[in-house]
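Report on one structure; see the data block that follows.
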Amino acid sequence: MTEVNTDLSMDQKLRNRALLSSRVFLLVQWPAYIVLGVVGVLLPALTHVDEAPLIGAILLALAFSKIIVMIKTGPGPGTCLCWRAGVTVLNILAALLILVNPFSLDLPLHMVVGAYMVPASFYVVLEGRYSFLDRRIEIVTYSGFLGMAIGVSVFAGVPDISFWTPTFAYSLYLLILGYTSQHFTFLKIPSGDFQGAK
């Protein structure tokens, strides 16, 4: 009987730690999403910039922020470090393909950005649906599905209108992701949810 109670207590502690880990992961990242999204949307509108170096720099900065967060938060119980590490590797790979083209593939910018956005956004869906264990964060999940749709749109080159560039589309998604992350971060969650989390 005592073992069952201990197991339940440990299970609850793991759930609380998983929620806290994911909350911290978003807490640290959402300002980066917002700042990089604003830069990507406004800078091309204010002055002439080469799109490839701009979005490459945005992707590198985002990868750097993810690496810092992973070092600070660790894998966290109930989360899968390989998801976060995998999306960070994709992040870096996309930036390298755009900035230095190490494999001499000469892929069009829209294909690189679109191909990166789909799995990266799928990760956001996983974070919203499964990393929080029994607490589904629907707003994060929906932003992930929206990112996948934007990624497919960018990859296909539709709609064919002047402002719908890979940089604008991805930066817009970063703003959406930043808002949803910030929304979750500041949700009022009962303090009891974090008991035993440390």
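The values are calculated or read from the model by the stated rules, or taken from the named source; none is laboratory data. The structure presented is a predicted model; accordingly, all values stated were derived computationally and were not measured. No Cβ is skipped: glycine too gets one built from the backbone with ideal geometry, and neighbour counts run over all protein chains shown. SASA here: full protein model, heavy atoms, side chains in, ligands and nucleic acids out. Shrake-Rupley method; radii C 1.70, N 1.55, O 1.52, S 1.80 Å.
Within the stretch 109-131, being open to solvent by 50 Å² or more (accessible area, probe 1.4 Å) and either modelled with pLDDT under 85 or not in a helix (DSSP H, G or I) (or both) holds for R129, Y130.
When the residues of the stretch 49-88 are narrowed to those that are β-branched (V, I, T) and open to solvent by 30 Å² or more (accessible area, probe 1.4 Å), which ends up modelled with the lowest pLDDT? I'd like the intermediate steps shown before the answer.
Of the stretch 49-88, the ones β-branched (V, I, T) are 49, 55, 58, 67-69, 71, 73, 79, 87-88.
From what is left, the residues that are open to solvent by 30 Å² or more (accessible area, probe 1.4 Å) are 49, 67-68, 71, 73.
Numbers: V49: 91, I67: 85, I68: 82, I71: 77, T73: 66.
Across the stretch 49-88, the extreme among qualifying residues is T73.
Please determine whether any residue of the stretch 184-194 is at pLDDT below 90, crowded, with 19+ Cβ neighbours inside 10 Å and within 17 Å of the chain's Cα centre (by Cα). There is at least one residue in the stretch 184-194 that is at pLDDT below 90, crowded, with 19+ Cβ neighbours inside 10 Å and within 17 Å of the chain's Cα centre (by Cα). Of the candidates G147, G151, the single residue that is at pLDDT 90 or above, open to solvent by less than 30 Å² (accessible area, probe 1.4 Å) and touching a Gly at 6+ places or on another chain (Cβ under 8 Å) is G151.
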